[in-house]
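The values are calculated or read from the model by the stated rules, or taken from the named source; none is laboratory data. These numbers were taken from a predicted model, which means no experiment stands behind them. Virtual Cβ from ideal backbone geometry, glycine too; neighbours counted across all protein chains shown.
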Amino acid sequence: MLADKVMQVFGYPVMISECNHDLNEFYVPERRQYDANKILHYLTELPKTSAIKTIALLRVDLFIPILTYIFGQALFKGDKGVVSIFRLRNEQYGLEPHEELLIERMIKVVIHELGHTFGLVHCVNPDCVMRGNTYVEEIDQQPYDPCIRCQEIIRSKADQDSASE
């Protein structure tokens with residue numbers, strides 16, 4: 001489902017693979033969270049692959065220094081991002097587990113972070129996956145897809161990529 005939706009939005013083939021990396025060096029005991037900026041930097045230091053973009057899906061609680069927590073983080077116009085399911089889980093908010101809702105949220109956040117890698121900024125359109133989100137309820141209310149304006153930006157990036165081949 002994730003691969004299909006990402007491919008539908010961005011038009012590139014999607015490959016999912018499992019990797020195991022020790023994230024302990026990115027753990028900040030005072031916050032009991034993992035530093036997303038440091039994880040992103042680590043990802044950029046890994047050997048290059050044939051992937052156009054890479055999103056690491058994590059289970060740990062992420063933060064950046066200016067925010068209490070984040071759902072994801074990506075390098076703007078870059079090729080790497082991270083998404084965590086930690087705060088996307090209903091159990092985090094004292095609710096019953098809901099696997100389908102967790103997957104929907106994860107897909108939206110992955111698409112959102114990939115949008116940043118394609119040069120999209122936060123959108124003011126409430127019907128756009130690129131709208132900025134502070135709370136999980138906001139993710140629930142947004143669609144999977146970018147708005148027309150954001151889709152045009154993605155399309156122009158894809159056209160530039162194919163023209164340079």
Checklist outcome for this item: Taking segment 59-95 and keeping only residues that are of a type in the set (Asp, Glu) and in contact with a Ser or Thr (Cβ under 9 Å, 6 or more places away or on another chain), one is left with Asp61, Asp79
Checklist entry - Tell me, which strands (runs of 3 or more DSSP E) wholly within segment 53-165 include 1 or more residues that are surrounded by fewer than 20 Cβ atoms within 10 Å (Cβ to Cβ) and under 18 Å from the mean Cα position of the chain (by Cα)? => result 54-58, 62-64, 67-70
Checklist entry - Is one or more of the residues making up segment 34-41 over 15 Å from the mean Cα position of the chain (by Cα), among the basic types (Lys, Arg), more than 29 Å from Asp145 (Cβ to Cβ) and modelled with pLDDT under 95? => result no
Next on the checklist: Condition (residue is assigned to a loop (DSSP other than H, G, I, E, B) and at positive phi) applied to segment 12-31: is it met by at least one residue?
Outcome noted: no
Item to check | Tabulated pairs, segment 1-25, first touching a residue at least 40 places away in the same chain (Cβ under 8 Å), second of a type outside the set (Gly, Ala, Ser), C-beta under 6 angstrom, 6+ apart or interchain | outcome: Leu2/Ile107; Lys5/Ile107; Lys5/Tyr144; Val6/Val14; Val9/Ile111; Tyr12/Ile52
Checklist entry - Which residues, counting only those in segment 26-52, are surrounded by fewer than 14 Cβ atoms within 10 Å (Cβ to Cβ), aliphatic (A, V, I, L, M) and farther than 21 Å from Met15 by Cβ? => result Val28
